[in-house]
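Here's the structure we're looking at; comments come further down.
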Amino acid sequence: MKKYIFIFIFISFFIGHLFGQSNSVSDLIVNRCISMLGRSVPNGFIRIDRTRYYNEEGFILTVENGVVVSSGFQSNFNTFNEAHEFNGVLYNYFENSRNNWILFSSSSEGDIYSRNRVFATIVRPSRRNDGVIVNIILFDRY
């Protein structure tokens, strides 16, 4: 429970300050996720199973043969409005032409953007069995 409170406070703090700054949360998430691709698992990550890792900040990794093949960020919310507000911040980042991301695909499950051989997938918010609403953005190289 403490983990969820920490993540919620972390996200809430940045969302509150985001509107006065230009996409600082999105920059942080995108740059950190992309920087982990193709490398070994950074310090501070906890193994979930054979191929998946996470850290207390909400970053998640999938590893194959000792190398990160997929990275992402998971945020947890109490309401769908909060989750959609956070997604709105991400969509603004990806749709801003100065960031050079191109909408690759759109479906009911989420939207995929592409840039420099990297796919970014913004997954639509969903409710887990424990009632927490989860928001995920994933990055893969192709």
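The values are calculated or read from the model by the stated rules, or taken from the named source; none is laboratory data. Remember, it's a predicted structure, so these values are computed and weren't measured experimentally. Note: ideal-geometry Cβ built from the backbone for every residue, glycine included; neighbour counts use all protein chains shown. SASA here: full protein model, heavy atoms, side chains in, ligands and nucleic acids out. Shrake-Rupley method; radii C 1.70, N 1.55, O 1.52, S 1.80 Å.
Of all residues in the stretch 65-88, none satisfies the criterion of being assigned to a strand (DSSP E or B), free of Cβ contacts under 8 Å to residues at least 40 places away in the same chain and not β-branched (Val, Ile, Thr).
The set of residues in the stretch 64-90 that are of a type in the set (Phe, Trp, Tyr) and surrounded by fewer than 16 Cβ atoms within 10 Å (Cβ to Cβ) contains only Phe80. Applying the set (1) hydrophobic (A, V, I, L, M, F, W, C); (2) within 21 Å of Ile122 (Cβ to Cβ); (3) open to solvent by 70 Å² or more (accessible area, probe 1.4 Å) to Phe94 leaves exactly one unmet item: (3). Listed by position, the strands (runs of 3 or more DSSP E) inside the stretch 100-142 whose residues that are in contact (Cβ under 8 Å) with a residue 12 or more places away in the chain, open to solvent by 70 Å² or more (accessible area, probe 1.4 Å) and within 18 Å of Met36 (Cβ to Cβ) number at least 1 are 133-141. Counting the residues of the stretch 89-98 that are part of a helix (DSSP H, G or I) and more than 19 Å from Phe73 (Cα to Cα) gives 2.
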